[in-house]
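Reading through the structure tokens given below for one structure.
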Amino acid sequence: MGFYIKKMVVMQDTPLKTVGKVGPCRVIQHSASHLDEARVALAENFYPHHLEALATDSGLNMSLKTVQLGGVTLGRLAYGTEVSLDFGELSNAYHISIPLSGRVEAVVGRQVSVSMPGLASVYLPVGPTKISRWSADCAQYGVKIDREYLEAELTTLVGHPVRTPVKFDPLVDLTRGPAESWLSLILTLAADLDREAGVLYDPLMSSSLAQAVTTGFLLASGHDHQESLQELRRPVRPRIVKRAVDAIHASPEKPFTVNDLAEVAGASVRSLQDGFQQHLGVPPMTYLRSVRLERVHEELSRNDADKPTVADAAHRWGFGHLGRFAAEYRRRYGETPSRTLNGG
């Protein structure tokens, strides 16, 4: 069955319009040298926003290429100059920002996040979203997942209705574990943006690809339904992994070493490490630090008069080096521990 898709490059003073559509798959390319053109191009394919150049001699050279796969839109975007973008509330979508170069500084709700190659930002449908600085050398892939579509996919996975917006962690480390695998999927799909007849252009693939992107992200990222997803996985975990995980959750403050955890699990260190990597996507000690961070975050987020100091909470849950703890905490939660303690 033959079909074709036309592309269009939006040049200066060229009116903007949709140029190719086959079934649910829509492929569009734009370029712009004026702020108004760039604003219209991004608004049509992603979100309405306010765009400003941060440099006096901006030299704007915006390029955007997108493909729409049902409930998912994948795009590659660069501005060629330093800009800021104020989206207000996204409302109808979740968005993952994946820098390929440069950096993006954003404020999502009351949290500040900085993303760069290897570290993605997640923007939520509720609460204000503003990119305060998109560096001149920044190019990124953006993945927009329609809110209704993502929440329906999550409902199918967990087996009960998802009635409130999913609360994703603001940053995702794309350099290891399931998130690294998910990034590989995105890079594979994005490679077809520059091919005339790649699988992204085939409407018969749209539904499967959108589901793979969405389910993969739900499995690879941190969010408030992750425990439900983990429960679905637990029966297939080896007993040695379960024993170590149970020990970690029961007493994460204990000064465990990998040898201690292997002894608890009744396995060799190598077997335990292989089991964690295969079934949890991270080494045992990385998993332990993650649980400790969660416990500290819970303490610092408490809304009562008996909050501990940052140092007390960190030491209580097993962090001996405050500098390294603070750096890990900021990477995980997008803000300093003291900011969490003081209510953001």
Check off (1) touching a Leu at 6+ places or on another chain (Cβ under 9 Å); (2) farther than 29 Å from Glu227 by Cβ; (3) surrounded by fewer than 23 Cβ atoms within 10 Å (Cβ to Cβ); (4) not small (Gly, Ala, Ser) for Leu100 and give me the number that stays unchecked.
-> (1)
Which condition breaks for Ser115 when tested against (1) in contact (Cβ under 8 Å) with a residue 60 or more places away in the chain; (2) in a strand (DSSP E or B)?
-> (1)
Flagged pairs (Cβ under 7 angstrom, 6 or more apart or on separate chains; first in the stretch 168-194, outside the structural domain of Val282 (by TED's automatic domain parsing) and assigned to a loop (DSSP other than H, G, I, E, B); second β-branched (Val, Ile, Thr) and at pLDDT below 95) are Pro170/Val108; Arg176/Val282
Restricting attention to the stretch 287-311, which residues are free of Cβ contacts under 8 Å to residues at least 24 places away in the same chain and either closer than 25 Å to Ala179 by Cβ or of a type in the set (Phe, Trp, Tyr) (or both)?
-> Glu294, Glu298
On the given criteria, is Leu54 closer than 27 Å to Gln211 by Cβ and hydrophobic (A, V, I, L, M, F, W, C)?
-> no
Helices (runs of 4 or more DSSP H) within the stretch 275-344 that include 1 or more residues of a type in the set (Phe, Trp, Tyr) and modelled with pLDDT of 90 or more | 284-301, 322-333
Quick one: how many residues across the stretch 122-139 are in contact with a Gly (Cβ under 8 Å, 6 or more places away or on another chain) and part of a strand (DSSP E or B)?
-> 4
Taking Gly109, is it within 21 Å of His50 (Cα to Cα) and either aromatic (Phe, Trp, Tyr) or buried (at least 19 other Cβ atoms within 10 Å of the Cβ) (or both)?
-> no
Of those in the stretch 140-159 that are hydrophobic (A, V, I, L, M, F, W, C) and surrounded by fewer than 18 Cβ atoms within 10 Å (Cβ to Cβ), the residue farthest from Phe46 (Cα to Cα) is Val158
Scan the stretch 70-108 residue by residue and report those that are in contact (Cβ under 8 Å) with a residue 40 or more places away in the chain and part of a loop (DSSP other than H, G, I, E, B).
-> Gly70, Gly71, Tyr79, Gly80, Thr81, Glu82, Leu90, Ser91, Asn92
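The values are calculated or read from the model by the stated rules, or taken from the named source; none is laboratory data. If you're wondering where the values come from, they're calculated on a predicted model, not measured in any experiment. No Cβ is skipped: glycine too gets one built from the backbone with ideal geometry, and neighbour counts run over all protein chains shown.
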